[in-house]
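The values are calculated or read from the model by the stated rules, or taken from the named source; none is laboratory data. All values derive from a computational prediction rather than experimental measurement. FYI the Cβ positions are ideal-geometry reconstructions off the backbone, even for glycines, and counts take in every protein chain you see.
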Amino acid sequence: MIATLNSLSKIKKTTILVLIDLLLCFSSFLFAFYLRFENFLINESFNQFLSFLFCLIVFYIVGFFLNLYKPLSRFFNLDNFLNILIIFIVYTTFVFSFFLIFRIPGIPRTIGLIYPIIFFITLLTSRYFINFLIIFIKKNKKNNSKSIFYGNIEVTSSIYHLFKDYETVAFLTNDKNISESTINNIPIYSIDNLDLKLKDKIDTVLAVGDQNFLNVRHKIESFFLDKKIVFKVIPDVKDILEYQVKSDVQNFNLVNKEIQWDDKLVRQHYKESVILITGGGGSIGRELVLQLAHVNPKKILIIENSEFNLYQTIEDLNILIKEKNISTKIVPLLASAQDLQSIENILKLHKPNFIFHCAAYKHVNIVQNNIIEAVKNNFFTTYDLCDLCKKYNIKNFILISSDKAVNPSNIMGCTKRLSELAVQYFSKTSNSENNFLSVRFANVLNSSGSVIPLFVKQIKSGGPITLTHKEVSRYFMRIIDAVKLVIQSPLVGKNGEILLLKMGEPIKIYDLAVKLIHHYGLTEKNDENPSGDIKIIVTGLKSGEKMNEDLFFNSNSNLTENKDIISVDNLDYDSKKFEEIYRNLKLLAKNDNSLEIDNYFKDKKLFS
């Protein structure tokens, strides 16, 4: 019954209340005459009818004007009572003035006072009755859990009514001074003074954000002895707000773009496929795993060298599988993409149709100081994986690249550009049925390398926010948009192509910092606003950092079947030149010569 009423539209609910009030208005009007004349009807019945019609019309005008029908009946409270009182004061003034001034034959002036008072009482009673009825029905639902709320009484008493599937039988607190008091007829007990009557009434204990709950849980368990009690912990209001902030930042409205996504075509393309994802525990790799699981392929192989990151991906995936009833077989593999023998064994055993290569070192400043490891992990690993794809005739290889690969000014960008060249090299030397692709995109919001989590951390610690230059700008995409386009890249890309995801206009990092400050309800502290909250400090460009990122080497580009993916920089790079670069870097890395590699990369002719 309650569910049926709740499902009604606002107009239908209002119509029901209007009809109830019509009935109450009519009965109150007649009862007023009965009190005055000991009779419901008078001789001048036509005048009586016209008077009622006037009263009814005035009531609806005043009621709608003063929002009588806006509050929900199931949440009737003191504010609603005061609103109704004000409405009837205004209404009584109109009605009494009308009968006082116009002196209608057969209608005494006292009706102008008696009738509104009776109507006020009956209408108020009806609202309280509706509220009581809803609460009563909910309380007596057979599936409602009988619960005790444990925690700070001010918090528990303010939120208990929000838990619709729990009937609150008692409040439990550490404060002995308020024990045996009541709130809304619900008793309060101290943890040291539990009532024996509760033993047969309770099946759930809800603890609200109390740090000491684990310490007192054994007391509660010992009180209920052998009875099976379910314990649930509800976050404190502060924790809920903190979670909301995190949630808001995860969906930070910096980029508002609808991408093209053909769900039917994607499902057909990956149906019965075995998909391998390297770096499946990273932010992009994990999202790729989750989004591919949605399309229900035959098997997903997740390669990750961090046990914790692999665990987090599996946890997220288990939730998704349970919610969406996904039948895809998941194979988590704790391995490094650099371990050529392990990867080869995995390829021989599972025979994947697709490899999405996400594993890479991406933090520019860290990579800048670890040149040899970056070359090994980013470039050599990509080369080796492509070589294995050629050897085992794996149909699709997709490299996750970066805009930093264009005119690279840092080690990370250089290794990514060489990885793109490796993919193009193998596209020319492999079987014509193979599809080697690179997908290039820019900064992904809230990824492990994104600036946003750093800014959030700085804001939460009171500032300052540090950025390298006020004019530095970058391209941004939401992680889910980038991943969905990556998934569609094999559908639209041709062997050897570099695909660029469209990202709109670049955004100044300074503007991003200011917007994020405002997102938290704060203001920037500067010379114009010395009383602001968060200061922004400019530290100067770091080694290898560019003011603006490029997206391609030349402006020649081709459209694809997806409006958000374009084909760029498909130059005929000299294969012999690439082989020489590979040999030279192998030798330099073997000799552990970081300085020579750094100098070698300064020759920009290597990359175009």
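Only helices (runs of 4 or more DSSP H) whose full extent lies in the stretch 78-186 are considered here, and the ones with at least 2 residues that are closer than 30 Å to Phe49 by Cα are 78-102, 111-139. Only one of the numbered conditions (1) part of a helix (DSSP H, G or I); (2) in contact with a strand residue (DSSP E or B) (Cβ under 9 Å, 6 or more places away or on another chain); (3) crowded, with 20+ Cβ neighbours inside 10 Å is violated by Leu454, and that is (3). Considering (1) under 32 Å from the mean Cα position of the chain (by Cα); (2) at pLDDT 70 or above; (3) polar (S, T, N, Q), the lone condition that Thr182 does not fulfil carries the number (1). If the condition is being at pLDDT below 85 and on the phi > 0 side of the Ramachandran plot, then the stretch 552-608 contributes only Asp569.
The criterion of at least 2 residues that are hydroxyl-bearing (Ser, Thr, Tyr) and modelled with pLDDT of 90 or more is met by the following helices (runs of 4 or more DSSP H) wholly inside the stretch 262-332: 307-324.
When the stretch 500-555 is filtered for residues that are among the hydrophobic types (A, V, I, L, M, F, W, C), surrounded by fewer than 16 Cβ atoms within 10 Å (Cβ to Cβ) and either assigned to a strand (DSSP E or B) or not assigned by TED's automatic domain parsing to the domain that holds Gly462 (or both), the ones remaining, listed by number, are Ile537, Val538. For the stretch 379-400, a residue qualifies if it is among the polar types (S, T, N, Q) and farther than 18 Å from Leu276 by Cβ, but none of them does. Considering the stretch 91-107 alone, what residues qualify as being surrounded by fewer than 16 Cβ atoms within 10 Å (Cβ to Cβ) and touching a residue at least 24 places away in the same chain (Cβ under 8 Å)? Once the filter is applied, which keeps residues that are surrounded by fewer than 16 Cβ atoms within 10 Å (Cβ to Cβ) and touching a residue at least 24 places away in the same chain (Cβ under 8 Å), the stretch 91-107 yields Pro105, Gly106.
Would you check if Ile480 is buried (at least 17 other Cβ atoms within 10 Å of the Cβ), under 17 Å from Val439 (Cα atoms) and touching a residue at least 24 places away in the same chain (Cβ under 8 Å)? Answer is no for this residue.
Residues checked against (1) at pLDDT below 85; (2) closer than 22 Å to Tyr128 by Cα:
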| residue | (1), (2) |
| --- | --- |
| Asp21 | no, yes |
| Cys25 | no, yes |
| Phe33 | no, no |
| Leu41 | yes, no |
| Phe49 | no, no |
| Phe59 | no, yes |
| Thr93 | no, no |
| Phe96 | no, no |
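Scoring Tyr115 on the criteria (1) on the phi > 0 side of the Ramachandran plot; (2) modelled with pLDDT of 90 or more leaves a single failure, condition (1).
A residue that is more than 25 Å from Thr466 (Cβ to Cβ), within 31 Å of the chain's Cα centre (by Cα) and at pLDDT below 90 can be found somewhere in the stretch 504-527. On inspection, Phe397 qualifies as over 30 Å from Asn548 (Cβ atoms), under 35 Å from the mean Cα position of the chain (by Cα) and of a type outside the set (Gly, Ala, Ser). For first residues located in the stretch 439-466 and on the phi > 0 side of the Ramachandran plot, partners that are at pLDDT 75 or above and part of a loop (DSSP other than H, G, I, E, B) and lie 6+ apart or on another chain with Cβ distances below 9 Å form the pairs Asn446/Arg478; Gly462/Asp533; Gly463/Leu522; Gly463/Asp533.
Filtering Leu491, Leu501 for residues that are in contact with a strand residue (DSSP E or B) (Cβ under 7 Å, 6 or more places away or on another chain), modelled with pLDDT of 85 or more and closer than 29 Å to Ile277 by Cβ leaves a single hit, Leu501.
Which of (1) assigned by TED's automatic domain parsing to the domain that holds Asp21; (2) modelled with pLDDT under 70; (3) of a type in the set (Phe, Trp, Tyr) is the odd one out, the single condition Phe132 does not satisfy? Of (1) assigned by TED's automatic domain parsing to the domain that holds Asp21; (2) modelled with pLDDT under 70; (3) of a type in the set (Phe, Trp, Tyr), only one is false for Phe132: (2). Residue pairs whose Cβ atoms lie under 7 Å apart, sitting 6 or more positions apart in sequence or on different chains, and linking a residue in the stretch 578-590 that is in the same structural domain as Ser427 (by TED's automatic domain parsing) to a partner that is surrounded by 12 or more Cβ atoms within 10 Å (Cβ to Cβ) and among the basic types (Lys, Arg), are Ala589/Lys376. Of the residues making up the stretch 558-577, those that are touching a residue at least 24 places away in the same chain (Cβ under 8 Å) and assigned to a strand (DSSP E or B) number 4.
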